[in-house]
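The values are calculated or read from the model by the stated rules, or taken from the named source; none is laboratory data. In this text the structure is predicted, and so the values were computed from the model without any measurement. Note that we place each Cβ from the backbone using ideal geometry, even for glycine, and neighbour counts take in every protein chain shown. The protein model used for the area step is the full one, side chains on, heavy atoms only, and it has no ligands, DNA or RNA in it. Shrake-Rupley method; radii C 1.70, N 1.55, O 1.52, S 1.80 Å.
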Amino acid sequence: QLPVITSNTIVRCRSCRTYINPFVTFLDQRRWKCNLCYRVNDVPDEFMYNPVTRSYGEPHKRPEVQNSTVEFIASSDYMLRPPQPAVYLFALEVSHNAVEAGYLKYFCESLLENLDKLPGDARTRVGFLTFDSTVHFYNLQEGLSQPQMLVVSDIDDVFIPSHDSLMVNLKESKELVKELLTSLPTMFSQSRETHSALGPALQAAFKLMSPTGGRVTVFQTQLPTLGAGKLQSREDPNQRSSTKGVQHLGPATDFYKKLALDCSGQQIGVDLFLLSSQYADLASLACISKYSAGSLFYYPSFHYIHNPAQLEKFQRDLDRYLTRKIGFEAVMRIRCTKGLSIHTFHGNFFVRSTDLLSLANVNPDSAFAVQMSIEDSLADSSLACFQAALLYTSSKGKRRIRVHTLCLPVVSQLSDVYAGADVQAITCLLANMAIDRSISSTLSDARDALVNAVVDFVSAYKSSVSNLQQSGVVVPAAMRLFPLYILALLKQKALRTGTSTRLDERICAMCEFKTQPLPQLMRMVHPDLYRLDNITDQGALHLNDTVVPQPHLLHLSAERLSRDGAFLMDCGNVFYLWISKCCNEMFVQDVLGCPNYASIPPNMNHIPELQNPLSERVRAFLDWLQDNRAFSSSIHIVKDDASAKATLFQHLVEDRSDVASSYQEFLQHIQQQMSK
């Protein structure tokens, strides 16, 4: 329910350009004081009228002063050029490797199904290019009887074979687009071409999209082997579980970063879908999305027959990706109270100036983290304010400004700082800092820094606030899970050592920490645990025509598991449904469709659609969990036996066996470090 404000005058501070918001002070009817720089500004005449109440003379009741999140319809002052249309280019690898993986058929099916749901209007434009050792373009100009393929084989100097017929109006050329999508999967089915010229394909995409800007979606299945940006394998499989340090966390070439910055300059965002069974040097490839404000989707060991769980995840991700909201040619500026300054940004963007992020594309599923520093004393102010303003073009070609304002109290007692601490935000920001450190320095350095953060925090609390002469690690109530979260972070793919971890999977986990929304990250660090065999409609949500049960969240400990239950562990990107040996047979039959516990197959990874109340409840809850996240999660049914428990307990940080002892050891280690 976002208040959208259409007004000839967008009221801003004349000095620091802050948008008027609920935390400003009205000195009288005609003057307001900025809450960031404290300048006194005049209230314009137009602002005296309130469009909601249709009354005059109450500026403090205007929607932009009543709501801390608003959206303004921007005037031409906020445009460097007329707002661009929605423009989508799909770049598809079609080498033998790509054909073997089998993604093309499912991509074409998904796009055909969602063609009318792509965000946009009558001006929406689309284009396609495919590539192996050459780059293939498709003429889809209205009036042709069928799509026409144009092949450019000079990949060292890639050129655009036609300038007006490759990016076409979707409405006018819809039948040709449908015909191309229907024929693409079989077009390359006999291909023996093993090379992949990703770099030249991206250069071609850049040239095609430069006149307008827009979104490029790239599908890649292997290491690029030809032309600009070609890469060689850098991974040593013998070093996957090394405790000494991890090599090659940074890119092998600056080709992808440079191209991404060129793209950003032309308002082109590049999203990468990597569906590979082998090492593909994601550390280098991810730069194309990182610096163009794009998204990254990674499907290790993808194969349409041998890995049905990944295929289902790919299909669900693609459906959401194609239909989710999108903004184009955006910039985001973050302002803060006088005395505070911005230190570092985390996420996918190009930093245009100290407080301005360039975002060629913006979507609802990406997150940003910002480190602030206190430059001057805040002793004179009782409040600190932060304002994020995002100027973007909607998919319907409207220029809009989304403004969020946050206001926090400034306190004089350290105990109040601890009481108000947000342990999840702290954990995720530290994770971002650790990932930067592991790339600029070493992974062991980053891990040490995380442990030191706990040591410093506990020491500071003990010396300054806690008067208790307790032994052990004493932390304030709001931060009691902090040591546990940091231990869990050290066990994540991004930061762990000593456990076999593929380099691309580690890099992907690092990218997730830098770009995903906080609730999603926290589920990966510290999963949510629910009991499902006794699920009821008590306290359920009623959404449209669906009843969504809300089982209680359980404390994440092996003590909560029982021998007669079914437990769902939500780890953010994967669900584990753990079925204990003495689980109610009715649950096994009604939800899993198996006659008894013994007949549950070992690699079950979906919940069948069965027509009974229990099945409907469980599926409604799972669907609700899926709908509320950016990336879909695969599900694994886990039986109560030794090997399955090992899988599950990798995620259960507090298990009483080896993992719990590691938490006790971790706390002892913190104490030893403090005494030093």
Derived scalar couplings ³J(HN,Hα) [region 346-357; Karplus, 6.51 cos²θ - 1.76 cosθ + 1.60; whole Hz; x for Gly, Pro]: 10, x, 9, 5, 10, 7, 7, 8, 3, 10, 10, 9
For Val43, enumerate residues with amide H under 5 Å from its amide H, sequence gap 5+ or separate chain, H modeled in the peptide plane. Arg31, Trp32
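Quantify, in whole percent, the carbon and sulfur part of the accessible surface of region 1-146 (1.4 Å probe; protein heavy atoms only).
48 percent
Students often check this: by mean Cβ neighbours within 10 Å, which of 307-319, 358-370, 472-484 ranks highest, and how do the rest follow?
In descending order of packing, they fall as 358-370, 307-319, 472-484.
Counting DSSP beta bridges with both partners in the chain, what percentage is antiparallel, nearest 5?
About 70 percent, rounded to the nearest 5.
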Among Met332, Ser241, Ser173, flag the residue with its Cα farthest along the positive direction of the charge dipole of the chain, charges on Cβ as +1 for Lys/Arg and -1 for Asp/Glu. Met332
By its C-alpha gyration tensor, with a ≥ b ≥ c as the square roots of the eigenvalues, how is region 326-451 shaped: rounded for a/c under 1.5, else prolate for a/b larger than b/c, else oblate? oblate
Note, region 146-153: 3J(HN,Hα) by Karplus (6.51, -1.76, 1.60, θ = phi - 60°), whole Hz, Gly/Pro = x, goes 7, x, 10, 8, 10, 9, 10, 9
Expressed in nm to one decimal, what extension gain is obtained for the pair Glu665 and Asn238 from 0.36 nm per residue of sequence separation less their Cα-Cα distance? 150.9 nm
Nonlocal amide H pairs with Tyr298, under 5 Å, H built at 1.01 Å: Leu274
Kindly give Rg over Rh for region 170-245, based on alpha-carbon atoms, with the Kirkwood expression for the hydrodynamic radius. 1.12
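Can you classify region 415-546 as rounded, prolate or oblate using the Cα gyration tensor, where a ≥ b ≥ c are the square roots of its eigenvalues, rounded means a/c under 1.5, and otherwise it's prolate if a/b beats b/c and oblate if not?
The shape class here is oblate.
Arranged from highest to lowest average of other beta-carbon atoms within 10 Å per residue, in what order do the peptides 241-249, 504-512 appear?
So the peptides 241-249, 504-512, ranked by packing, come out 504-512, 241-249.
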Subtracting the Cα-Cα distance from 0.36 nm times the residue separation, let me have the gained length for Leu383 to Asp627 in nm, one decimal. 84.2 nm
Could you pull the accessible area for Thr499 with a 1.4 Å probe, rounded to 10 Å²? 60 Å²
Just the number please: accessible area per residue for the chain, 1.4 Å probe, all protein chains included, in Å². 45 Å²
Just from its helices, what would the mean residue ellipticity at 222 nm be for the chain, if runs of 4 or more DSSP H residues each count -39500 (n - 2.57) and the sum is divided by every residue, rounded to the nearest 500 deg cm²/dmol? -9500 deg cm²/dmol
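Estimate the FRET efficiency between Asn114 and Lys491 by the formula 1/(1 + (r/R0)^6), using the beta-carbon distance for r and 41 Å for R0, to the nearest 0.05.
0.65
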If you take the Cα Rg of the chain and divide it by 2.2 N^0.38 Å, with N the number of residues, what do you get? 1.03
Any residue on another chain or 5+ positions along whose placed amide H is under 5 Å from the amide H of Val475 is listed here as none
With all protein chains in place and a 1.4 Å probe, Cys582 shows an accessible area in Å² (nearest 10) of 90 Å²
How high is the FRET efficiency from Cys37 to Leu518, r the C-beta distance, R0 30 Å, rounded to 0.05? 0.55
In nm, give the distance between the simple-model label positions of Gln190 and Ser341, each being 7 Å from the Cα along the Cα-to-Cβ direction. 6.6 nm
If I model a spin label at Thr536 and Val52 as a point 7 Å from the Cα along the Cα→Cβ vector, what separation in nanometres do I get? 4.0 nm
Apply 1/(1 + (r/R0)^6) to the Cβ-Cβ distance of Cys582 and Ile305, taking R0 = 35 Å, and write down the FRET efficiency to the nearest 0.05. 0.45
Could you sort out which of Lys244/Lys290; Lys338/Lys491; Lys105/Lys398; Lys174/Lys514; Lys257/Lys491; Lys244/Lys325 sit more than 32 Å apart by Cα distance in this structure? Lys338/Lys491; Lys105/Lys398; Lys174/Lys514; Lys244/Lys325
Which parts of region 480-510 would a label at Leu414 reach, counting a residue when its backbone N lies under 18 Å from a point 7 Å out along Cα-to-Cβ? 480
I'd like the Karplus ³J(HN,Hα) series for region 562-568: coefficients 6.51, -1.76, 1.60, θ = phi - 60°, whole numbers in Hz, and an x wherever there's a Gly or Pro. 10, 6, 10, x, 10, 10, 9
Gained length - Asp254 relative to Tyr78, 0.36 nm times residue gap less alpha-carbon distance: 60.0 nm
With a 1.4 Å probe and all protein chains left in place, how much of the accessible area of region 309-452 comes from carbon and sulfur atoms, in whole percent? 53 percent
Note: probe point = Cα of Cys407 + 7 Å toward Cβ; backbone nitrogen < 14 Å; residues of region 315-347 passing the test are 337
Using the alpha carbons of region 476-625, what is the convex hull volume per residue in cubic angstrom, as a whole number? 162 Å³
